[in-house]
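Some notes on the structure that comes next.
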Amino acid sequence: MSKVKNIIDQIKKDPRKITYYMNRFKKVMTDKDERIRSPYNQETYLKWLQTMDERSEEIKLFYKPSFSFVIPVYNVSRRYLMECIESILNQTYQNFEICLVDDCSTNSETIETLKEYRRNEKIKVKFRTENGHISKATNDALALAKNEFICMMDNDDVLAPNALYECALALNKDKNIDFIYTDEDKYDPQGKRYMPHFKPDYSPDLLLGTNYMCHFTVIRRSIVESVYGFTPGLEGAQDHDLFLKVCEKTDKVYHIPKILYHWRMIEGSTALDMSNKSYVIEHGIQTVQNALERRNQKATIKQVGDTTDYLVDYEMDENVKVDIFVKGDRSKFLNKLKNENYAFIDELQEGTGDVICIVDDSIEFIDSKAILSMIGYALLDHAGVVSCKQVYKGKIVQAGILLGMKDNLFLDAYKGLHEEEEVIFGALSIPCNYSCVSNCIVFKRELLNKDINYNLKDYIEMDICLDALSKGKYNVCLPHVKVKKYPKQIDNVRERNYLYQKYHRYFENDPYYNPNFSKTYPFKLEL
């Protein structure tokens, strides 16, 4: 289904949305500032690439990890297959092997090309006698692999020359890393690079809802084998399934914020048109459901629009006891939040509830179940602080917080966008992890500890969030949960400076804001 058809369908369901889409179109056409700085504008991106050097200065590596590429092959043209293989053979780091498995191709050009490359001592080739689809073919390639780490790659994509070196360098800095992923972009049908994907660091809640890691991925072989590799029957979502299984075994996941992989968009590819592979959606939902069952978690799963993003909403336990701490006047909450399991507290440390909700008096609850929805996420083992989308007069006020931006230590993400805005890679459609959230938050009582400064008046949520982050927990914003946030100015310089000194490393490098993005213009590129 095309994006245009999706828009038309939405207007048919709700004719009032035509005004929103007309205004959105006018903004794109007239807002020069927006068009110049958008990282997804091809002209801007190509100019940005000219100013960037994605290579680290190569130094002698004392630990030389070994890599095995596992590549399923099926009816790919000679040109694209050669470009794929040559991009590996031309790596600046050479401790690798390539395991190619042909899934019973009918294209003689594909078969002959593989036979030619079979002569290379770094390359292993197997020809299947029957078509088993991508999971079985990749598992066969995995069986050929003998090295420490598995590298996943499609048979028509291209690797940056320094990709393996960057991975080896990361492993020299930390030998305990089990899973590496990088940023990526795409080749359009004319061979031009565009649509970069600048990713956040490891984000478990985001990963459940979408395969944001995608390419280039490197995983310790012993862990891949321990989860039995790729699952047949989940074709199109097999990578997502593997990543979820692996991340249930390890949290030693490392992100290299460099574009080291180029995903080719050609006719029939998933990247170019999801309608070519409609089964991907069905398998994607099944992949998420399988993960929930392995984790003994109950939730509803909903596809977002025509994408491969999935909204997971955990079942809400109405018996959970909640202590509510109101920053400001709590009288207006007394009726709206009347519930036998809710108790208002005057001091954060005095309650006995299972979870705590801190809510600013500038918040108005639109949905009485908002807190319950946040509780579903807050009770997860890995969870830190949970918040929601905050809106006012149809515009987003906050949907997560970015740290350390120029002239603003705490910048509200996506502020000013329409409350139903859709942005690329699902950031306003599915739960996303952030370093900080505020104004309306829910978290387990156990997150309160001696390291929190309870004397903070305006920024107590930030201290709780950053303390949880420093202890390995994951804070998250739920865009499907909305509250109204009335304007309220806070400018407590003393508390901001205190938090900057306490959590300096996160302000210098927010793990959920890719360092390639501008510190001046959120989610943009600077030329």
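The values are calculated or read from the model by the stated rules, or taken from the named source; none is laboratory data. Just so you know, these numbers come straight off a predicted model, no measurement behind them. Glycine gets a Cβ as well: all are built from the backbone with ideal geometry, and neighbour counts include every protein chain shown. Protein only, heavy atoms only, side chains kept; ligands, DNA and RNA dropped before computing areas. Shrake-Rupley method; radii C 1.70, N 1.55, O 1.52, S 1.80 Å.
Working note: Karplus 6.51/-1.76/1.60 with θ = phi - 60° gives segment 154-165 the couplings 7, 6, 10, 9, 10, 9, 5, x, 9, 4, 5, 4 Hz, where Gly and Pro are set to x. Stretched out straight at 0.36 nm per residue, the stretch from residue 518 to residue 505 would grow longer than its current Cα-Cα span by 2.9 nm.
Segment 37-94 and segment 128-199 have Cα centres lying 9 Å from one another. As a length-normalised measure over Cα pairs under 8 Å and 6 or more apart, the relative contact order of the chain settles at 13 percent. A straight chain from residue 82 to residue 343 at 0.36 nm per residue would run longer than the Cα-Cα distance by 87.4 nm.
In the context of the full protein assembly, residue 283 retains an accessible surface of approximately 30 Å², using a probe radius of 1.4 Å and ignoring ligands and nucleic acids. Here the calculated FRET efficiency for residue 296 and residue 316, from their Cβ-Cβ distance with R0 = 22 Å, stands at 0.85, rounded to the nearest 0.05. Sequentially through segment 217-232, phi angles give Karplus couplings (6.51, -1.76, 1.60; θ = phi - 60°) of 10, 10, 10, 4, 4, 4, 6, 4, 5, 5, 9, 6, x, 8, 8, x Hz, Gly and Pro residues having no value and appearing as x.
Summarising the strand pairing of the chain, around 50 percent of its internal DSSP beta bridges are antiparallel. Across segment 43-51, rounded Karplus estimates of 3J(HN,Hα) from the backbone phi angles (6.51 cos²θ - 1.76 cosθ + 1.60, θ = phi - 60°) give 4, 5, 5, 5, 5, 5, 4, 5, 9 Hz, Gly and Pro being marked x. A Förster distance of 51 Å, applied to the separation of the beta-carbon atoms of residue 43 and residue 121, puts the FRET efficiency at 0.75. Could you tell me which of rounded, prolate or oblate describes segment 360-491, using a ≥ b ≥ c as the square roots of the eigenvalues of the alpha-carbon gyration tensor, with rounded for a/c under 1.5 and, failing that, prolate when a/b is larger than b/c and oblate otherwise? It is rounded, given that a/c, with a ≥ b ≥ c, falls under 1.5. First measure r as the distance between the Cβ atoms of residue 62 and residue 350, then evaluate 1/(1 + (r/R0)^6) with R0 = 45 Å and state the FRET efficiency to the nearest 0.05. Result of the calculation: an efficiency of 0.25.
Normalising the Debye intensity of the chain to I(0), with uniform scatterers on Cα atoms only, and taking log10 at q = 0.06, 0.12, 0.13 Å⁻¹ returns -0.31, -1.20, -1.37.
Using Cα pairs under 8 angstrom and six or more residues apart, how large is the relative contact order of segment 276-422, in percent? Could the numbers behind the result be given before it?
Values: 188 pairs, mean separation 22.1, N = 147.
Reported as a whole number, the value is 15 percent.
Rounded, prolate or oblate: which one fits segment 90-244, using the alpha carbon gyration tensor with axes a ≥ b ≥ c (rounded when a/c is under 1.5, else prolate when a/b beats b/c, else oblate)? In terms of gyration-tensor shape, rounded. Could you check how many percent of all C-alpha pairs in segment 465-512 are farther apart than 12 Å? Of all Cα-Cα pairs in segment 465-512, 75 percent lie more than 12 Å apart. Working note: Debye formula, equal point scatterers on the alpha-carbon atoms of segment 346-398, no solvent; log10 I(q)/I(0) at q = 0.19, 0.31 Å⁻¹ is -0.81, -1.34. Model label sites at residue 175 and residue 95, defined 7 Å from Cα along the beta-carbon direction, differ in position by 1.1 nm. Annotation: residue 323 carries an accessible surface of approximately 10 Å², with a 1.4 Å probe and no ligand, DNA or RNA atoms counted. Taking amide H positions as modeled 1.01 Å from N, with prolines and chain starts lacking one, the residues under 5 Å from residue 405 and 5 or more places away or on another chain are 411. At q = 0.11, 0.13, 0.15, 0.21 Å⁻¹, what log₁₀ I(q)/I(0) does a Debye calculation on the Cα points of segment 67-175 give, no solvent, two decimals? Taking Cα atoms of segment 67-175 as identical point scatterers yields -0.32, -0.44, -0.59, -1.10. Note on surface exposure: 496, 118, 78 rank 118, 78, 496 by accessible area, highest first, 1.4 Å probe. Taking 0.36 nm per residue of sequence separation and removing the Cα-Cα distance, the residue 148/residue 449 pair yields an extension gain of 104.3 nm. Along its three principal directions, the equivalent ellipsoid of segment 295-389 from the Cα gyration tensor extends over semi-axes of 26, 16, 12 Å, largest first.
Placing +1 on the Cβ of every Lys and Arg and -1 on the Cβ of every Asp and Glu, with no other charges, gives the chain a dipole of roughly 680 debye about its Cα centre.
Is segment 161-271 rounded, prolate or oblate when judged by the Cα gyration tensor, a ≥ b ≥ c being the square roots of its eigenvalues, rounded requiring a/c under 1.5 and prolate requiring a/b larger than b/c? The shape class here is oblate.
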